[in-house]
Amino acid sequence: MSLTVSSYIPTGNATGTRNRDQCSFPLTAIPQALTVYAKFRVGNAVTTTQLCVAQLGSTGTTNPRFILGIGSTANYVATLRNAAGTAVASGSMAAVTIGTMVEMRATISATGIVQLGVTLNSGTEALAAASAALALPQTWASQKFIVGSLGATNVNTAGYAALAIARGGLSLTRMRQIAGVLTRNG
Amino acid sequence: MAYFGNAALIWSATSDANTQRVHQLAAPLRLVKPSENLLAFQADSLDRTVRDYWTVGAGAYELLGTVKYSYHHQSLVDLLRAGNQGLTLTYYPSLADSGTNYACKLISPVTPFDLALDGDRERFGEHQVELRLRLTNQAPFQPLMAGSDVLFRFNAGQSLAGATFTRATSTSAPATYAGLGYGTVTTAKSNKARVDWISTNSSQGPRTMPVLLLEDTRTNAIKDSANFGTANWTVAGSLSRSSAKTDPKGGTAAWKLTDASTSALGLLSQVATVPSSGQQALSCFVAASTSSFNHLLIQSTNAGTTYARGSITWSSGVPTFTAQQGKIFSAPPRYSNGFYRFGIISASSAPLAAGAKVKVSLIPSSEGVGGKGSMLVYGAQLE
């Protein structure tokens with residue numbers, strides 16, 4: 001099934017398969033009050049499966065972790081899961097449209113309250129309702145920050161312009177400064 | 001209480017009465033300078049046409065950083081003495097992140113040493129000293145050494161040296177991306193992340209913003225996707241085809257499809273096997289030629305059922321793409337040499353089973369026997 005047109009795959013006298021891209025970064029920061037920011041161009045339509053925009057603390061589905069996703073319960077959603085799998089989430093029903101430049105800014109407070117802000121095409125940020133509190137875990141499942149998938153699954157086809165994580169609950173303006181996107185158009 | 005941040009250097013000494021020693025820094029290491037230390041010899045040949053290099057082992061990465069505003073003078077002296085005794089000094093850029101720390105050996109200053117009065121705070125009797133630190137595994141220091149509140153940042157195009165990236169691709173079906181400007185189609189080597197270029201203004205370009213392109217696994221079910229002259233393609237009606245046309249890759253691999261007759265519909269088609277169940281996406285690079293109307297179709301093999309039908313209308317070289325059957329999710333992006341990439345998704349009401357056969361057609365004229373004209377095509381894809 002394909003709900004989007006992916007990049008061109010040249011073929012010869014046979015069909016051809018391009019394997020998925022998998023990308024993760026080392027990140028040693030422990031669970032704390034922080035802000036995760038991702039700016040990307042949407043490459044797929046919303047699906048019933050939650051696609052991973054970026055995930056802090058795990059390269060798969062092992063908890064604890066903090067995931068920014070598209071689809072499933074809300075069009076855009078930020079979810080904090082503790083070791084037992086208990087989750088708190090903040091979701092936005094902002095439109096998922098292929099080609100849209102999206103900025104997701106998700107905060108975790110010191111008491112484990114999650115709140116997501118979504119900005120479409122550099123417009124006004126729409127803040128979703130904050131979640132209930134959830135005690136922060138002492139460690140993440142792994143010291144990784146994975147982008148665009150949960151490894152082999154939940155792949156979010158997208159072009160990522162900038163990513164940033166910082167301590168504390170920071171504003172969109174500040175996260176844009178940290179990510180270095182203010183000087184770029186779009 | 002620190003002036004700035006919450007950084008510290010920690011070590012353990014059996015000679016000390018404490019379980020461990022903690023030197024809390026008034027500020028994280030300042031004037032930080034990543035460094036390397038490799039025993040190397042270089043020499044020019046006599047005529048200077050050749051330069052020779054000799055190195056011993058892999059060397060070690062190091063970090064130069066200055067302890068500033070130190071008001072715990074004896075603690076700082078003890079730190080330097082411990083370092084000179086070969087003890088491991090562990091640097092925490094922020095004690096808020098216990099997981100982010102660097103176990104180091106002190107390379108300099110070597111005893112005997114003197115603390116300098118701080119250049120900014122000497123009148124307050126504060127001191128400074130520059131440390132040369134080397135990780136115990138000689139590896140590079142990671143970016144969090146700065147001790148700021150920024151835990152991570154990445155912009156498309158920056159180094160992925162510290163990251164883990166994989167995308168195994170074969171040379172027979174490489175991954176592609178669009179280049180800077182109007183998007184020359186370019187192939188990427190296996191396990192090389194693609195820095196794709198997009199336009200932030202409109203689909204018309206030019207492309208000015210780099211993005212890290214991450215995609216799912218996909219199979220192009222069309223054989224000879226850019227070679228429209230092989231037996232994998234079937235000519236119908238009055239269609240003729242000619243090769244060696246300028247393509248969006250910067251070469252001459254595009255084809256011209258011409259329907260010269262108004263009495264018969266000319267089209268080029270291929271029967272393809274659907275790679276996975278559900279909706280299917282058809283795409284093709286198309287540039288304007290003599291016809292004002294082109295069409296892309298996914299149909300059943302007997303053309304009895306149409307799953308997707310996209311119509312291209314050209315006006316002054318600018319296309320309008322409409323879906324008569326199926327769905328278009330975005331305006332066609334522009335590529336080099338006048339090409340646009342048109343993509344259409346088959347209707348959700350008629351999902352296809354994996355392994356089903358479909359007929360993909362490229363039609364250079366209006367869909368009917370009354371039209372004629374030509375279109376330039378490159379790189380068809382069914383996924």
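Values in this text are rule-based calculations from the coordinates and carry no lab data. Just so it is clear, the model here is predicted, and its values are computed rather than measured. So basically every Cβ, Gly included, is an ideal-geometry build from the backbone, and we count neighbours across all protein chains shown.
Numerical summary
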| quantity | calculated |
| --- | --- |
| In Hz, Karplus ³J(HN,Hα) per residue of the stretch B:15-28 (6.51, -1.76, 1.60; θ = phi - 60°; x = Gly, Pro) | 7, 9, 7, 7, 5, 7, 9, 10, 9, 7, 7, 5, 7, x |
| Computed FRET value (nearest 0.05) for A:A129 with B:R123, which takes r as the C-beta separation and R₀ as 60 Å | 0.65 |
| Chain B, relative contact order [Cα under 8 Å, separation at least 6], % | 13 |
| Cross-link partners of A:K144 among aspartates and glutamates (Cα-Cα below 15 Å; sequence separation of 8 or more within a chain) | B:D97 |
| Shape of the protein assembly as shown, Cα gyration tensor, a/c cut at 1.5 | prolate |
| 0 to 90° range, to nearest 10: angle between helix B:73-84 axis and chain B longest Cα axis | 70 |
| Local electrostatic count at B:D120 - Lys and Arg +1, Asp and Glu -1, tallied over other residues with Cβ under 13 Å | +1 |
| Estimated Rh, chain B: Kirkwood, alpha-carbon pairs, angstrom | 26.2 |
| Chain A: relative contact order in percent, alpha carbon pairs under 8 Å with at least 6 residues between | 30 |
| Sorted by Cβ neighbour density within 10 Å, fewest at the top, the residues A:C52, B:C104 | B:C104, A:C52 |
| The stretch A:23-179: C-alpha gyration tensor shape, a/c 1.5 cut-off, then a/b vs b/c | rounded |
| Stretch gain in nm, segment B:A260-B:V56, where the contour uses 0.36 nm per residue and the Cα spacing is subtracted | 66.3 nm |
| B:H295, B:H72 arranged by Cβ crowding within 10 Å, fewest neighbours leading | B:H72, B:H295 |
| Label zone at B:T136, where the point sits 7 Å out along the Cα-to-Cβ direction: the stretch B:1-18 residues whose backbone N lies under 13 Å | B:10-13 |
| Helix-only [θ]222 nm of chain B, DSSP H runs n ≥ 4, -39500 (n - 2.57) each, per residue, nearest 500 | -1000 deg cm²/dmol |
| Loop-resident sites, the stretch B:1-89, for trypsin sites (Lys or Arg not before Pro), counting at most 14 other Cβ within 10 Å (DSSP) | B:R48 |
| Theoretical FRET efficiency, 1/(1+(r/R0)^6), r = Cβ-Cβ of B:N191 and A:Q177, R0 30 Å, to 0.05 | 0.35 |
| B:K327 versus B:S170: modelled label distance in nm, points set 7 Å from Cα along the beta carbon direction | 3.2 |
| Cross-link pairs B:K223/B:K327; B:K327/B:K359; B:K192/B:K327; B:K33/B:K68; A:K39/B:K249 - those with Cα-Cα distance over 21 Å | B:K223/B:K327; B:K192/B:K327; A:K39/B:K249 |
